[in-house]
Amino acid sequence: QVQLVESGGGLVQAGGSLRLSCTASVRISSIDGVGWYRQGPGSQRELVAHISSGGSTNYGGSVKGRFTISRDNAKNAVYLQMKSLKPEDTAVYYCNLAKVNPDGMETSTYWGQGTQVTVYS
């Protein structure tokens, strides 16, 4: 069973930084898509940051310029560096892995269990 394990969440004052990590129990290849999503209280899950199968990076509008997604395929890991955090960034953050075959087709998608980020003012 594939597992994605997130870590690095916590309680931080507004303006502070956190770095989230996600480690997969399977190999992450360079063509797989990886991303971070979040779900705040009473809100739907939304995109935070994503690296597509083709390598392009996409960020949710509210985090552009503050958050940076990166990946280390050798470690089967995905990271999210978060700076200048705001109370509205408070949410459960989820890691996502989309496995892609050599033909470019997505074959399966996996989610982590989530890690809580709470930003106080």
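No value in this document is a laboratory result; all are computed from the given coordinates. These figures come from a predicted structure and were not determined experimentally. Counting neighbours? That spans all protein chains shown, and the Cβs are built from the backbone with ideal geometry, glycine included.
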| field | Which numbered condition Val12 fails, given (1) farther than 25 Å from Thr118 by Cβ; (2) assigned to a strand (DSSP E or B); (3) more than 15 Å from the chain's Cα centre (by Cα) | value | (1)
| field | Contacts under 6 angstrom Cβ, first residue in the stretch 97-121 being without any contact (Cβ under 8 Å) to a residue 60 or more places away in the chain and over 15 Å from Gly55 (Cα atoms), partner β-branched (Val, Ile, Thr) and surrounded by 13 or more Cβ atoms within 10 Å (Cβ to Cβ), 6 or more apart | value | none
| remark: The number of residues in the stretch 25-81 that are surrounded by 13 or more Cβ atoms within 10 Å (Cβ to Cβ), of a type in the set (Asp, Glu) and free of Cβ contacts under 8 Å to residues at least 40 places away in the same chain is 1
| said: If Ser7 meets every condition in (1) more than 24 Å from Thr90 (Cβ to Cβ); (2) touching a Leu at 6+ places or on another chain (Cβ under 8 Å); (3) of a type in the set (S, T, N, Q) apart from one, which number is that one? | reply: (1)
| message | Restricting to the stretch 94-118, name every residue that is crowded, with 20+ Cβ neighbours inside 10 Å and over 18 Å from Val2 (Cα atoms). | response | Val117
| field | Set Ser53, Ser21: member being in a loop (DSSP other than H, G, I, E, B) and polar (S, T, N, Q) | value | Ser53
